[in-house]
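First the structure, in the form of structure tokens, and then the observations on it.
The values are calculated or read from the model by the stated rules, or taken from the named source; none is laboratory data. Note that this is a predicted model, so its numbers are computed, not measured. We place every Cβ from the backbone using ideal geometry, glycine too, and count neighbours over all the protein chains shown. For the accessible areas, the whole protein counts, side chains as well, though only heavy atoms, and no ligand, DNA or RNA atoms are used. Shrake-Rupley method; radii C 1.70, N 1.55, O 1.52, S 1.80 Å.
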Amino acid sequence: GHPLHLEALRGIAFLHQAQGNFREAEGVHRQVLDQLRRSVGTDHPDYLQGLFHLADLYARASPGVVTIWIYDNDGPSDSVTPLAQGSGFVIDDKGFILTNNHLVEGSRNLLVGLPNGKLTPGRVIARDFLLDLALIKIESKELVAAPLGQSSTLQVGETVVAIGTVGIAALTIALISY
């Protein structure tokens, strides 16, 4: 299997999955695995694992992913529904979290849900409108920074993974495009 052919098959599987055609996606994934096994041999499990064991990647990265709820002036209570919800990730053990500016823009009260289930208030300390980024600060001794790759080394056609929370844990796979 030619690498471009394999990437095309992986893209087709991704589209099937995105459209809810899980059986078709599984079938295409099997084709990719079969072609990889034929081309690199079954004695290269690290190569296959790196491409297809996303559960391991999720397990390594998810301890650094947080949920962010935005409330009005009153803050959270049993009768108050959040105005917005989104994700962020811990960038260090000092309590700094990176998220999207559009999530926190105009917010008065933030509540950050940690992977261990604990909730803690947060405050926006910096925002960049053009890059749509915001930096939140929380006080917690139980933080794990999310492992990050080097974006400067990415090439068109490489696979990237985004992990977040949208009510439930989410993992999204995409290809770098030009």
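Against the conditions (1) touching a helix residue (DSSP H, G or I) at 6+ places or on another chain (Cβ under 7 Å); (2) in contact (Cβ under 8 Å) with a residue 24 or more places away in the chain, Val124 satisfies every one except (2). Of all residues in region 120-161, those being farther than 21 Å from Ala84 by Cα, surrounded by 13 or more Cβ atoms within 10 Å (Cβ to Cβ) and aliphatic (A, V, I, L, M) number 5.
Would you mind finding the one in Gly113, Gly117 that is open to solvent by less than 40 Å² (accessible area, probe 1.4 Å) and either of a type in the set (Phe, Trp, Tyr) or without any contact (Cβ under 8 Å) to a residue 60 or more places away in the chain (or both)?
On the way: Gly117 fails: open to solvent by less than 40 Å² (accessible area, probe 1.4 Å).
Sole residue among the options that is open to solvent by less than 40 Å² (accessible area, probe 1.4 Å) and either of a type in the set (Phe, Trp, Tyr) or without any contact (Cβ under 8 Å) to a residue 60 or more places away in the chain (or both): Gly113.
Can you find a residue in region 83-104 that is of a type in the set (Gly, Ala, Ser), open to solvent by 30 Å² or more (accessible area, probe 1.4 Å) and more than 19 Å from the chain's Cα centre (by Cα)? The answer is no; no qualifying residue exists. The set of residues from region 163-178 being on the phi < 0 side of the Ramachandran plot and loosely packed, with under 13 Cβ neighbours inside 10 Å comprises Val166, Ile168, Thr172, Ala174, Ile176, Ser177, Tyr178.
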